[in-house]
1. Using only protein heavy atoms and a 1.4 Å probe, report how much of Glu507 is accessible, in Å² to the nearest 10.
2. Which option, [x] 23.5, 73; [y] 32.7, 111; [z] 25.4, 83, is the value of Rg and Dmax of the Cα atoms in Å that was calculated from these coordinates?
3. Top to bottom by accessible area (1.4 Å), largest first, where do Cys146, Cys345 land?
4. Hey, with R₀ at 56 Å, roughly what FRET efficiency would Lys515 and Leu282 work out to, going by the Cβ-Cβ distance, to 0.05?
5. Can you tell me how much longer the chain between Leu120 and Ile448 gets when fully stretched, taken as 0.36 nm per residue apart minus their C-alpha distance, in nm with one decimal?
6. With angles folded into 0 to 90 degrees, how steeply does helix 176-185 sit against the dominant principal axis of the chain? Use alpha carbons for both and round to 10.
7. When you count, for each residue, the other Cβ atoms within 10 Å and take the mean per peptide, how do 117-126, 467-476 rank with the highest first?
8. What pairs from Lys155/Lys288; Lys155/Lys260; Lys445/Lys475; Lys451/Lys490 go past 23 Å between their alpha carbons?
Amino acid sequence: MPPHMAVFLKRLLHPGRSPAALGRLMGRREASLGTDPGAAVRVRFAPSPTGFLHLGGLRTALYNYIFAKKHQGSFILRLEDTDQTRLVPGAAENIEDMLEWAGVPPDESPRRGGPAGPYLQSQRLALYAQAAEALLKSGAAYLCFCSPQRLELLKKEALRNRQTPRYDNRCRSLSQAQVAQKLATDPKPAIRFRLDGEAPAFQDLVYGWNRHEVASVEGDPVILKSDGFPTYHLASVVDDHHMGISHVLRGSEWLVSTSKHLLLYQALGWQPPHFAHLPLLLNKDGSKLSKRQGDIFLEHFAATGFLPDALLDIITNCGSGFAENQMGRTLPELIAQFDLSRVTCHSALLDLEKLPEFNRLHLRRLVGDETQRCQLVGQLQALVEEAFGNQLQDREVLDPAYVERIILLRQGHICRLQDLVSPAYSYLWTRPAVGRAQLGAISEKVDIIAKRVLGLLEGPGTNLTQDVLNGELKKLSDGLEGIKHSNVMKLLRVALSGQQQGPPVAEMMVSLGPKEVRERIQKVLCS
């Protein structure tokens, strides 16, 4: 090896990490995964922390998670933070927080650690440098000294000629003397991979047999930048190898790059994983999900009361991978029913207008589980405190038994727990201000109706169920001359809630309880 190249490689490989430390890092894969890494299913979700987690990312993570759990494998979170200029503060933490919130936590991650760490690419630079050294030594890669200005000129010239911009491979043909001369003035060149030979065909588990002759349509790609950070192509190949990834499930936008990655595997002498490229998740009109849409981030859904299971349900319901699409599936059901061979090439069209209905189904399921219902009671108590605070005339409305009764009565009618603190349900927590004139406009027999309702409530042994009350209220109306049953119900609804519309009056009365109903009716008589 020429002396100038040996000096460059030494500087590249050991910019602060001892050879022993590098050896320990390299040996982790063999030590942790055994002699047959293909025996275990290991998948990874590898987002870039350049933004917070959104629905598209969640779907990729979910398919990896359910595939791993289906096969008793491991789900790994790896953060691809090599583009340091685009990192968003808090994004790395948000991605892991939201995966945990969604119920698909990684088995190994930056936060949890694991046998194949570190799980931040910025902490794995020695591995990329070692791979780059191997490629340089074998002649599969070369040093590139082209300046950003020259590369920009190439791009502009191609666009002006209506051609696809591509590198012209200028530095590929530099002699050793020219390389030595350039290293003397530019000691930190980039490294490019030679796209030589025919790209291997591969069988994608979703798209079938594929081959993309990348050498004929693009120039040699940079695999290691002059700052020592890798590009996606090198980093993903190196990390998937050393982390023992058995299956790569990623978005279909990476399908055309896979041939390039297989050439890298070939040049490094490594066995590639299986690839399955997932079709895109699009808006219902076929347009691309955009990060500029604030309502596609998981934080938005969590803050507005949507349940994780509802999100997992809707993003799988609109796609493929299951024998049939049905609403209301839980995560264990998704795992049990998932079949990678059923994933089709068709894009999944997401209709978020249906999300409230998905949420209603999953909320009702939670209400039916006593343990989950207790948690919902606590959440609703907090929401009431937050929404009404010092407006609460009677803090007995925070009593767990009362709150639970409200949830049980309104299950199936509400889509989110937050709905119960909306203006339409404010009467459940605060007493409405209802004037006598408002009631008199409905019927002149306000006093008679009020007194008869009070009598109904004070009857001995009255069972205040909804069915009993419906029958008693109908009898009460039938006993009044000159007023329709509907007007009696309208008057009582306004007296109890201050609203013209809402749940059935009998349900309102059961919700509020006899004591509170009496107080509100007596208030009408005294006004």
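The values are calculated or read from the model by the stated rules, or taken from the named source; none is laboratory data. Being a predicted model, the structure only gives us computed values, none of them experimental. So basically every Cβ, Gly included, is an ideal-geometry build from the backbone, and we count neighbours across all protein chains shown. All accessible areas refer to the heavy atoms of the entire protein, side chains included, with ligands and DNA or RNA removed. Shrake-Rupley method; radii C 1.70, N 1.55, O 1.52, S 1.80 Å.
1. Rounded to the nearest 10, the figure is 10 Å².
2. [y]
3. Descending accessible area places them as Cys345, Cys146.
4. 0.55
5. Length gained between Leu120 and Ile448: 110.6 nm.
6. It works out to around 60 degrees.
7. Answer by packing, highest mean first, reads 117-126, 467-476.
8. Pairs exceeding the cut-off: Lys155/Lys288.
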